[in-house]
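I have placed the structure first, in the form of structure tokens, so that the comments after it can refer back to it.
The values are calculated or read from the model by the stated rules, or taken from the named source; none is laboratory data. These numbers come from a predicted model, not from an experiment. Cβ placement follows ideal geometry from the backbone for every residue including glycine, while neighbour counts extend to all protein chains displayed.
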Amino acid sequence: MLPFSFTAPPTQKTAALNPTSNYGSASIKCEEDKSFLSSAIALWQTLIVDFKIIFDRDPAARNWLEVILCYPGFHALILHRIAHGLNAREVPLLPRLISHLGRFLTGIEIHPGADIGKGVFIDHGMGVVIGETAIVGDYTLIYQGVTLGGTGKESGKRHPTLGKHVVVGAGAKVLGNIQIGDRVRIGAGSIVLRDVPSTCTVVGIPGRNICRNCQQNNPLEHNKLPDPQAEIIRSLLDRIEKLEEQLQQQK
């Protein structure tokens, strides 16, 4: 009797008699193929929505070829969605390289970890920065110079969450882990540091919430945003005029 045991490697014949391991690997590969195919279909459908929304939001969009070739916001979203998918699968380095390429080509910096919904339109786009843990809801409209940034060096969720149908005006800064509700309008140049309820308007530095139960205007009509400081000054002037009239009557 030999002091050790020796087992011969399985031949093709014996492997064919025990196909369990081969079936398991084939099943895993089939599931991976299905997952990749479903992800590719979802990506294509999202890009179609991103493409169509441009014609609704930008009156300068004349034809599909012009949009495909000349709209940096659309280009940035295409590259981001690819990078985001790779980042979700924990692919190293490549997502950041794609993000860096998108910044170089479009002037728009979107971290691969950012979660951006469908139908988002980045108009013009130069100088837009969207941080790693930011969440942008469906059909959001973002203008040039917008920052969705974090505050401090804390880990975890540190960037804002935007609801659906939000409009962020040019140069606005939305900072920190705050919640912006659905159909919120953020005025150009505003700095938002606090939560904003749905259907409100934010203007000023720091941003002040103006919530009114009024009909929403066209998101492109930035000239119709309320001005709370002007309204306060106007009410004070009206009050001063009434007091002056009362003094004149007493004389």
Matching residues, region 190-201, being more than 17 Å from the chain's Cα centre (by Cα), over 14 Å from G149 (Cα atoms) and surrounded by 22 or more Cβ atoms within 10 Å (Cβ to Cβ): T201
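Against the condition more than 20 Å from L175 (Cα to Cα), touching a helix residue (DSSP H, G or I) at 6+ places or on another chain (Cβ under 8 Å), surrounded by 15 or more Cβ atoms within 10 Å (Cβ to Cβ) and modelled with pLDDT under 95, how does I54 come out, does it pass?
yes
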Answer with yes or no whether E90 is among the charged types (D, E, K, R), within 25 Å of V196 (Cβ to Cβ) and free of Cβ contacts under 8 Å to residues at least 24 places away in the same chain. no
Consider only pairs whose beta carbons are under 7 Å apart and that are at least six residues apart or on different chains; among these, list those whose first residue lies in region 35-56 and is closer than 19 Å to A76 by Cα and whose second residue is assigned to a helix (DSSP H, G or I) and hydrophobic (A, V, I, L, M, F, W, C). L47/I78; D50/F74; D50/L77; F51/V67; F51/F74; I54/V67; I54/F74
Could you count how many residues in region 174-189 are surrounded by fewer than 23 Cβ atoms within 10 Å (Cβ to Cβ) and at negative phi? 7
Going through region 117-149 one residue at a time, which ones are within 16 Å of A83 (Cβ to Cβ), among the hydrophobic types (A, V, I, L, M, F, W, C) and either touching a Lys or Arg at 6+ places or on another chain (Cβ under 7 Å) or not in a strand (DSSP E or B) (or both)? V120, V128, A134
Might you check whether a residue that is assigned to a loop (DSSP other than H, G, I, E, B), touching a residue at least 12 places away in the same chain (Cβ under 8 Å) and within 20 Å of R158 (Cα to Cα) occurs anywhere in region 75-83? no
If G131 passes every condition in (1) small (G, A, S); (2) touching a Pro at 6+ places or on another chain (Cβ under 9 Å); (3) more than 19 Å from S190 (Cα to Cα) but one, which one does it miss? (3)
Considering every residue within region 57-76, establish whether at least one is under 17 Å from the mean Cα position of the chain (by Cα) and among the β-branched types (V, I, T). no
Hey, P59 in a loop (DSSP other than H, G, I, E, B) and under 16 Å from I142 (Cα atoms) or not: yes
Those residues of region 117-164 which are out of contact with any strand residue (DSSP E or B) (no Cβ under 6 Å at 6 or more places or on another chain), hydroxyl-bearing (S, T, Y) and surrounded by 18 or more Cβ atoms within 10 Å (Cβ to Cβ) amount to T133, Y139, Y143
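Hey, can you tell me all the residues within region 152-181 that are among the basic types (K, R) and in a loop (DSSP other than H, G, I, E, B)?
Filtering region 152-181 for residues among the basic types (K, R) gives 153, 157-158, 164, 173.
Answer for region 152-181, where residues must be among the basic types (K, R) and in a loop (DSSP other than H, G, I, E, B): K153, K157, R158, K164.
Scan L225, L220 and give me the residue that is at pLDDT below 90, among the hydrophobic types (A, V, I, L, M, F, W, C) and crowded, with 16+ Cβ neighbours inside 10 Å. It would help to see each step written out before you state the result.
Numbers: L220 fails: crowded, with 16+ Cβ neighbours inside 10 Å.
Within the list L225, L220, the selection yields L225.
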